[in-house]
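Undergrad: The structure's right below; bear with me while I get my questions together.
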Amino acid sequence: MSKGIQAVRGMNDILPDEALLWRDFEARVESWLERYGYCNIRMPLVEHTQLFRRAIGEVTDIVEKEMYAWRDELNGEDLTLRPEGTASCVRAAIEHNLLYDGPKRLWYSGPMYRHERPQKGRYRQFHQYGVEALGFEGPDVDAELIVMCAALWRELGLQEIRLELNTIGSPEERARYRADLVRHLEANVDRLDGDARRRMHTNPMRVLDSKNPQVREVVAGAPPLMGYLGDQSLAHFDGLKRLLEAAGVSFVLNPRLVRGLDYYNLTVFEWISEALGAQGTVCGGGRYDGLFAQIGGKPAPAAGFAMGNERLIALLRDAAHAPSARVPDAYVLAHGEGAPHYALALAEALRAAGFSVVQHAGGGSFKSQMKKADASGAWVALIVGDDEIRAQQISVKFLRREEPQYSVGRREAVTAFGDALKRAKS
């Protein structure tokens, strides 16, 4: 028997119970961003494919294997569902000249798309908060981005998230390092897996963060990148480390950390949780000073990060930090010929006053309506029937405490309900 049309693999529905946790997470994240002075920007889901080819890099996994890209035959354009947000944000900053009056702190959120093999913590449609500090140079903004992440983890009650930190220097320094790294990999080619061999000449630095134990042994014997960095790059990294130490943020130096996007320079970092298994990176970012010029804008320094919403929400769920659903203040019942009109006006008046109200719908006996009122979790049932209509009154019944039912006048209903709700919750 056919199951009917289902969601696309790796693109998941978020059902009401789960959405409650998502909404709580989003509200807390957006409040946190506002406190740090970051402003919201919203970019399209679809961009020209060339944007990501130029920004992310032609020989990255994302561009080579993971983008949802197609030819729009109507307009003759090559388009892509965005696989990440930084390139789009920088494109928008260039297009609208956002830095004309100085640096900007920006954030965005929403779905991203990559054609990956779905597994826990890795989906084809996934959601991120992206945070970008555009136009700032120096290690102080790098430190700000990392320190604010640490503050968010504390606020969310998430523990055991470690910070891994590295510097990858400038493009010129990496070019000198690349030549020696390739020679080392070529000398050990028989110990490399297929991915490492493929990347060896196209993007050799990506071999550094291979998860294959045998490849990691080869990488351990490679010359360290730090030895190729000049005074300016080292000073930037030393400045960052001092700021983090002063802020009490602990970190682990990981010389193999390079990130999977070609636009990074200098600082790169990842926040990692062991509780998520293989997909343990919950947040990652760094500095990308060359990206503005790389996609056709005036050169400008920049740094940022993105956090994986699904992974962080999984940690919150596992840590039993899920919020309780808000129960309605009142459930309005209607029985009798003229009751629905009367009940509708009552419910709207209460909502206008700021109360949460569920109005019964779908008919049914008074007994069945009372069962639904009780099941709703509401504090109070407000009953409208023929007797109430004739008397211009509303009956009030407490659902969570033992007290006699009583009636209030229709004109005083909103004020009287506020008093009743205080009693119900006391």
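Undergrad: Give the cross-link partners of LYS298 among the lysines, using a straight C-alpha distance below 17 Å as the criterion and excluding same-chain residues fewer than 8 apart.
TA: Filter leaves LYS104.
Undergrad: Another one. Can you tell me the FRET efficiency between GLU34 and GLN119 if r is taken as the Cβ-Cβ distance and R0 is 35 Å, rounded to the nearest 0.05?
TA: The computed FRET efficiency comes out at 0.55.
Undergrad: Assuming 0.36 nm per residue, please report the length gained on full extension of the stretch ASN75 to HIS48 beyond their Cα-Cα distance.
TA: 8.5 nm
Undergrad: Something else now. What lysines does LYS425 reach when the alpha-carbon gap must be under 29 Å and sequence neighbours fewer than 8 apart in one chain are set aside?
TA: Cross-link targets: LYS367, LYS371, LYS372, LYS397.
Undergrad: For the chain, set up a GNM with springs between Cα atoms under 10 Å and report which of LYS298, LYS397, LYS241 has the largest fluctuation.
TA: LYS397
Undergrad: Sticking with this one: Relative contact order for the chain: what percent, with Cα pairs under 8 Å and sequence separation of 6 or more?
TA: Averaging sequence separation for qualifying contacts and normalising by length gives 14 percent for the chain.
Undergrad: Rank by packing, highest mean first: peptides 192-201, 97-106, with packing defined as the count of other Cβ atoms within 10 Å averaged across residues.
TA: Sorting 192-201, 97-106 by mean packing, highest first, produces 192-201, 97-106.
Undergrad: Go through region 144-160 residue by residue and turn each phi into a ³J(HN,Hα) via Karplus (6.51, -1.76, 1.60, θ = phi - 60°); whole Hz please, and just put x for glycine and proline.
TA: Karplus values, whole Hz, x for Gly and Pro: 4, 4, 6, 5, 5, 4, 4, 5, 5, 4, 4, 5, 7, x, 9, 10, 6.
Undergrad: Kindly express, to the nearest 10 degrees and within the range 0 to 90, the angle between helix 171-187's C-alpha long axis and the longest C-alpha principal axis of the chain.
TA: Helix 171-187 sits at roughly 70 degrees to that axis.
Undergrad: Once you've got the GNM for the chain with C-alpha springs shorter than 10 Å, pick whichever of LEU346, LEU234, LEU163 has the biggest mean-square fluctuation.
TA: Comparing LEU346, LEU234, LEU163 in a Gaussian network model of the chain, the most mobile one is LEU346.
Undergrad: Taking just the alpha carbons, could you work out the radius of gyration and Dmax for the chain, both in angstroms?
TA: Looking at the chain, its Cα Rg and Dmax stand at 28.4, 95 Å.
Undergrad: Specify which residue in the list TYR113, LEU99, LEU181 is farthest towards the positive end of the charge dipole of region 87-191, using unit charges on the beta carbon of Lys, Arg (+1) and Asp, Glu (-1), about the Cα centre.
TA: With unit charges placed on the Cβ atoms, the residue in question is TYR113.
Undergrad: Let me ask something else about it. Any idea what % of Cα-Cα pairs in region 80-210 are farther than 18 Å?
TA: Result for the distance tail: 72 percent.
Undergrad: Which whole-Hz couplings ³J(HN,Hα) result when phi for each residue of region 362-375 is put into the Karplus expression 6.51 cos²θ - 1.76 cosθ + 1.60, θ = phi - 60°, listed in order with x for Gly and Pro?
TA: x, x, x, 5, 4, 4, 5, 5, 5, 4, 5, 4, 5, 5
Undergrad: For the modelled label position 7 Å from the Cα of LEU234 along Cα-to-Cβ, which residues of region 250-277 have backbone nitrogen atoms closer than 17 Å?
TA: 255, 266-267
Undergrad: Just subtract the alpha-carbon distance of ARG9 and VAL189 from 0.36 nm times their residue separation and send over the number in nm, one decimal.
TA: 61.2 nm
Undergrad: Where q = 0.14 Å⁻¹, what log10 of I(q)/I(0) comes from the Debye formula for region 330-421, counting one point per Cα?
TA: Scattering profile of region 330-421, log10 relative to I(0): -0.41.
Undergrad: Going out from 0 in 5 Å bins, what whole percent of all Cα-Cα distances in region 193-350 drops into each bin?
TA: Values per bin, smallest distances first: 1, 6, 10, 13, 14, 13, 9, 6, 4, 3, 4, 4, 4, 4, 3, 1, 0, 0.
Undergrad: Let me ask you something else. Can you list the HN-Hα couplings for region 296-302, worked out from phi with the Karplus curve (6.51, -1.76, 1.60; θ = phi - 60°), rounded to whole Hz and with x for Gly and Pro?
TA: Ordered by residue, 3J(HN,Hα) equals x, x, 6, x, 7, x, 6 Hz.
Undergrad: Over the Cα atoms of region 170-285, each weighted equally, I'd like the Debye log10 I(q)/I(0) at q = 0.13, 0.15, 0.21 Å⁻¹, rounded to two decimals.
TA: Debye output, listed in q order: -0.57, -0.75, -1.30.
Undergrad: Continuing with the same structure: In degrees from 0 to 90, rounded to the nearest 10, what is the angle of the helix 309-318 Cα long axis to the longest principal axis of the chain?
TA: In the chain, helix 309-318 runs at an angle near 60 degrees to the longest axis.
Undergrad: Let me ask something additional. Report the extension gain between LYS367 and VAL59 in nm, rounded to one decimal, defined as 0.36 nm multiplied by the number of residues separating them, less their alpha carbon distance.
TA: Values: separation 308, 0.36 × 308 = 110.88 nm, distance 6.70 nm.
Extra length available between LYS367 and VAL59 comes to 104.2 nm.
Read-outs: derived from the displayed coordinates by stated rules, not from any lab. Since we're looking at a predicted model, the values are computed, not measured. Every residue, glycine among them, receives a Cβ derived from its backbone with ideal geometry; neighbour counts consider all protein chains shown.
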